[in-house]
1. Neighbour counts of other C-beta atoms within 10 Å: give me B:T52, A:T155 arranged from fewest to most.
2. Using a 10 Å cut-off around each Cβ of peptide A:14-20, what is the average number of partner chain Cβ atoms that fall inside?
3. For the protein assembly as shown, with only Lys/Arg (+1) and Asp/Glu (-1) charged at the beta-carbon, what is the dipole magnitude about the Cα centre, in debye rounded to 20?
4. Find which of B:H55, B:I143, B:P6 sits farthest along the positive direction of the dipole of the range B:1-157, computed with +1 on the beta-carbon of Lys and Arg, -1 on that of Asp and Glu, about the Cα centre.
5. Starting from the Cα of A:Q102, step 7 Å along the direction of its Cβ; do the same at A:M180; then give the gap between the two resulting points in nm.
6. Shortest first, in nm, what separates the label point of A:P165 from those of the same position in the other copies (7 Å along Cα→Cβ)?
7. To the nearest 0.05, what FRET efficiency results for A:L36 and A:V8 with a Förster distance of 22 Å applied to their C-beta separation?
8. To one decimal in nm, how far is A:Q101 from the same spot in the other copies, if labels go 7 Å from Cα toward Cβ? Please give the shortest first.
2 protein chains.
Amino acid sequence: MSQPYPSVLLEKAVGEFSKLPGIGRKTAMRLVLHLLRQDTAMVDAFSSAISTLKHEVKYCRVCHNISDTEVCRICANPARDTATVCVVENIRDVMAVENTQQFRGLYHVLGGVISPMDGIGPSDLQIDSLVERVKGGGVKEVILALSPTMEGDTTNFYIFRKLAPYPDVKVTLIARGIAMGDELEYADEVTLGRSIANRIVFTGNL
Amino acid sequence: MSQPYPSVLLEKAVGEFSKLPGIGRKTAMRLVLHLLRQDTAMVDAFSSAISTLKHEVKYCRVCHNISDTEVCRICANPARDTATVCVVENIRDVMAVENTQQFRGLYHVLGGVISPMDGIGPSDLQIDSLVERVKGGGVKEVILALSPTMEGDTTNFYIFRKLAPYPDVKVTLIARGIAMGDELEYADEVTLGRSIANRIVFTGNL
């Protein structure tokens, strides 16, 4: 087949878009042609937003969340409870927990979970800095809020052991069980089994 | 709800991505975080490919296909048959026809089809330039290769009437019928009806 793209510039742009996860060459083509139909200012805004983000983004030196400043908005907020640290895998999980409006403590973003299959070990994650943070004092509870997967649980156990030298710090795990709105008959056996084993006293309130 | 994004730069980049068609805020977030994990050179390549395309792209002054040069590679190719012009809606259709390797003529890219609902009239399209091209001489056949939709057919009729003053130029329409591999029983009635009405003599070859 001869060169299928009528323009090298077009081919390059489509090539760059199709490197993104879940974007094939057909979708990339559609997106690029959409951008081509927009006016130059809009395309420049798109292009510079990406580039500026990459060049100027910072990571909070306390919790490693993405931030525009040295210390992020959450860590710098005097109204937050500094004694409680919620350990999450990534930035999206911070946003998910924040959206619940149920948590007033601080975060610690690991940047991933231990996954030997993907070559990710404890040293690739912000685990040492978590231990330092606990060692520094002031933390009373560490909430492990990782996904209940094999990798998440491996990481939970690893952190649990790393924090064993600090018995004054309570290590807790987010509750696992049947999700709200789920049909019991479709729940997997492990989840259902654990949710029975870990049943709580019903006080008349939900 | 308080400001959900931990960074204004992040929010801006996600906002730009989610302006693209078919990309919601969740997907935009996933794509932006993917780019953030890449090294700076890769992100700069992405950003500049889009921006360069928009700033430097040209449209062929003969057929209006996208091009890196004043006259596109197809129009400039001496091996192509300049007497046959295939009229298509957009750049992707040029690529689709090229991929069949069945067509050795030239193209004329309209840039859309007549669609009063979307406010697109004949003057928004490259129809006058098609008529000029035919008027200039040398064209023996104009193949209308628009989608068989109401808008496509409206455009077909419009072009047909515009070319009526040039009776030496044959105006043809791409064949419509049951698509290869389609089950007859699932074909819509209009398509099936027309494919019977427009049946061709079977010579033993397909």
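1. B:T52, A:T155
2. Mean partner-chain Cβ count within 10 Å for A:14-20: 5.
3. Details: 44 positive and 48 negative charges, 114 e Å.
Computed about the Cα centre, the dipole is about 540 debye.
4. It is B:P6.
5. Distance between label points: 0.7 nm.
6. 9.1
7. Computed FRET efficiency for A:L36 and A:V8: 0.90.
8. Those separations, rounded to one decimal, come out as 6.2 nm.
Quick note: the coordinates plus some simple rules give every number you see, no bench work behind them. These numbers were taken from a predicted model, which means no experiment stands behind them. Counting neighbours? That spans all protein chains shown, and the Cβs are built from the backbone with ideal geometry, glycine included.
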